[in-house]
Each structure stands twice: as structure tokens, then as C-alpha cells.
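Report on the following structure.
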């Protein structure tokens, strides 16, 4: 196995790297005013708010087993023959994001390639229900993927035996968690996957000590008293609207996407400051989340893990790959960091996703 730091690497199976679709015109969409100087830093090919005249959009809602309404955007090819049952894909957004951030882009592109595709808002986020807002509930996040399969599999134009999923960032872990107990998910693809449990317990590259973890738990426990007494959530504000001068590189990377016209989206009834942010008292629930335990039981259903070779988060895909059973593959995208694969249409390997789902969701 070759080191992904060697930029000559293609993938663990030496498949051809495909850079995907060509760059499209930039879509600078935002609900607040963004200084022009920020717009000029837009990376090449970034097109988070991509739209297409080749697909139809239907806004939908459906219930989870807990009778929680999940909101989705259902994209279908304009040329879809509704008398034929077509394979479908459910797409989940990054943790703390909404379907308008990355998930819509992936769903639209997959619909352009002939699939029925649906982006969803996880419970407590975006247009999906759940109180309090921005709550952390990984089991309910995973359930949303199974509920999406319920919905898709009961559409007359969808083949319920050919449903797959794409999970971006944190949704990669939630999709894996769902797939372990839901064999209706026939093919699993993750992009810039995060294991939200591992990063909360251990930090990046296991940099957080047990003593530091216990200190966070103690702080969160005290904040629960305050939240219970006041009825007000205490948000961490780890991604402020104004980038601090001493911000670390990972924070800068996220800020470039979530806090500028590149990717900022403010759901109705929210304020820009509260998008992305979570409470510490909620965040620590991820410490009980172990999405890669028993990941090998997903086999023989296939897994594709797409990762930028410059991504700080690639440790999570490495761990998942090591623990998963065949068939499995890691596909390295040269020169891409974690966020690049949210929206850079010139780097996202669309052709690889197309071939993966075409092969594994075949009749």
C-alpha cells in the first residue's frame, strides 16, 4: 500500500483517477451581504449552489419511525421514464450543515447521471423537525437514512432493491451506522468522512488525552445545570462569523466554506451565528457513538470511501477501510482537502461515483 502523500498514488486498487466534471460558473448565493474581497477567494470550480435544467426538483417530507418529519429535496432526471423502476440514492449533508450545503450538489449531479436522488436534512437541522435545534442525536441521524429508504422504496418509479447512499463528512458515519442494520442500503459511498464519535473522544490523530476528555465531560455536565435552570442553550461558537486572527488551519478551511458566499446558507428562523454551532452539553453525546464497530457486517454490500489526499480527516476513512470487509475501496483525490470535496466540481470524482453505483445498483 502506497502512502497517499505520494501524489502519484491513484487508489488502493490502482484504478484510474477521474477528476470529474469540468468547472461550472460560480454561484455566489447567500442570505447576508458578503464582502467582494471574500468572493474573490472562491476556489476554482467551487459551485455549492449548483442548479441544473436537466433535473426536476420536488420538496418532500416523510416520517421516521419516531414520527419525526424529515425534509428532503427529491431530484429526478427530466427524461425519467416513470413507468420503469430506477435506482435511487439518498444523500446526507456534513455534520452541522443542511441539505443546501453539499448534499444538494451531489444529489443533483447523480440525478443528471440518471439516478433518482434525494438530499435530506438530518433531524434537528434545516427544514427537518426536532427540538432543540442543532441537537446532537446520532441514532436519530442514522434513522433518517433508513426513513429515506422507506420513502424512496415506496415511490412507484424507484426500484426498492436498488437503493444506495452517499454520506458527506459526518453523514458518512451516520450512513455507515444505518447500513449496518439496514440491508436495503445496497451500496455505500462516503466523501470526506468524519467519525464524529472518534473525533469527539480523541481529537484529531488521538491528540486529546483521557484527562482532557474527562474535563470536557465535567464542563458539559455543569452546563446542563445552567441550561436546565435558564431554559437557554449554551452554544460553543467554535465557528464564529468573523475569523479570529489566530485561527488554526482547519477552522480557516471551514470558515471559508460556511461563513462566506461559497457555502453560507441560513435556514428560515435561524441566525447566521447559530448555523453550524452546537452546544457542548449536546456535543458530548458523540462520545457514545461508534459507527465503525461491526462495520465488516455490511459486506458483501460494497463500500467506496472518497478522500482528499490533503484532508485532515482522512484518518477516519483509513480506519473504516481497515476495519471493513470486502468489497471496499478508498479513492484518493489528488490535491483535495476535506472541504474541497463539498463543492469543487472540478475535483469531485463524478465518473467514479457513477461507475460505482451503476455497477452495484444494477438490475
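Listing for the model above:
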| item | result |
| --- | --- |
| Residue match in the stretch 183-202 (condition: modelled with pLDDT of 95 or more, touching a helix residue (DSSP H, G or I) at 6+ places or on another chain (Cβ under 8 Å) and over 24 Å from residue 103 (Cβ atoms)) | yes |
| All positions within the stretch 284-300 that are touching a residue at least 60 places away in the same chain (Cβ under 8 Å) and either surrounded by fewer than 17 Cβ atoms within 10 Å (Cβ to Cβ) or on the phi > 0 side of the Ramachandran plot (or both) | 288, 290, 294, 297 |
| Qualifying residue in the stretch 115-136 (condition: closer than 25 Å to residue 194 by Cα, surrounded by fewer than 21 Cβ atoms within 10 Å (Cβ to Cβ) and without any contact (Cβ under 8 Å) to a residue 12 or more places away in the chain) | yes |
| Given (1) in a helix (DSSP H, G or I); (2) farther than 23 Å from residue 126 by Cα, number of the condition residue 292 does not satisfy | (1) |
| Which numbered condition residue 313 misses (of (1) under 19 Å from the mean Cα position of the chain (by Cα); (2) more than 17 Å from residue 174 (Cβ to Cβ)) | (2) |
| Filtered residue count, the stretch 145-162, keeping only those that are surrounded by fewer than 24 Cβ atoms within 10 Å (Cβ to Cβ) and in contact with a helix residue (DSSP H, G or I) (Cβ under 6 Å, 6 or more places away or on another chain) | 3 |
| Tally, over the stretch 125-139, of residues that are part of a helix (DSSP H, G or I) and in contact with a helix residue (DSSP H, G or I) (Cβ under 7 Å, 6 or more places away or on another chain) | 1 |
| Which listed residue is within 25 Å of residue 123 (Cβ to Cβ) and either out of contact with any helix residue (DSSP H, G or I) (no Cβ under 7 Å at 6 or more places or on another chain) or not in a loop (DSSP other than H, G, I, E, B) (or both), from 315, 273 | 273 |
| Number of positions in the stretch 236-253 that are closer than 16 Å to residue 264 by Cβ and loosely packed, with under 10 Cβ neighbours inside 10 Å | 1 |
| Pick from the stretch 317-363, criterion under 18 Å from residue 299 (Cβ atoms) and out of contact with any strand residue (DSSP E or B) (no Cβ under 8 Å at 6 or more places or on another chain), ranking: surrounded by the most Cβ atoms within 10 Å (Cβ to Cβ) | 319 |
| Matching strands (runs of 3 or more DSSP E) fully within the stretch 52-107 where at least 3 residues are at negative phi, buried (at least 18 other Cβ atoms within 10 Å of the Cβ) and under 20 Å from the mean Cα position of the chain (by Cα) | 69-77, 86-92 |
| Residues (under 28 Å from residue 129 (Cβ atoms) and either part of a helix (DSSP H, G or I) or modelled with pLDDT under 90 (or both)) located in the stretch 253-266 | 254, 257, 258 |
| Index of the failed condition, residue 49 passing every other in (1) under 29 Å from residue 256 (Cα atoms); (2) in contact with a strand residue (DSSP E or B) (Cβ under 8 Å, 6 or more places away or on another chain); (3) at pLDDT 50 or above | (2) |
| Residues being surrounded by fewer than 19 Cβ atoms within 10 Å (Cβ to Cβ) and either in contact with a strand residue (DSSP E or B) (Cβ under 6 Å, 6 or more places away or on another chain) or in contact (Cβ under 8 Å) with a residue 60 or more places away in the chain (or both) - total across the stretch 269-279 | 4 |
| Residue check, residue 306 outside any helix (DSSP H, G or I), surrounded by 13 or more Cβ atoms within 10 Å (Cβ to Cβ), modelled with pLDDT of 95 or more and on the phi < 0 side of the Ramachandran plot | yes |
| Qualifying residue in the stretch 322-341 (condition: more than 21 Å from residue 105 (Cα to Cα), in contact (Cβ under 8 Å) with a residue 12 or more places away in the chain, touching a helix residue (DSSP H, G or I) at 6+ places or on another chain (Cβ under 7 Å) and part of a helix (DSSP H, G or I)) | yes |
| Conditions (1) in contact with a strand residue (DSSP E or B) (Cβ under 9 Å, 6 or more places away or on another chain); (2) crowded, with 24+ Cβ neighbours inside 10 Å; (3) outside any loop (DSSP other than H, G, I, E, B): number failed by residue 142 | (1) |
| Matching residues in the stretch 115-124 - criterion: being within 17 Å of residue 349 (Cβ to Cβ) and part of a loop (DSSP other than H, G, I, E, B) | 115 |
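The values are calculated or read from the model by the stated rules, or taken from the named source; none is laboratory data. Predicted model only: the values in this text are computed from it and were never measured. Don't worry about glycine lacking a Cβ; one is built from the backbone with ideal geometry, like all the others, and counts go over all protein chains shown.
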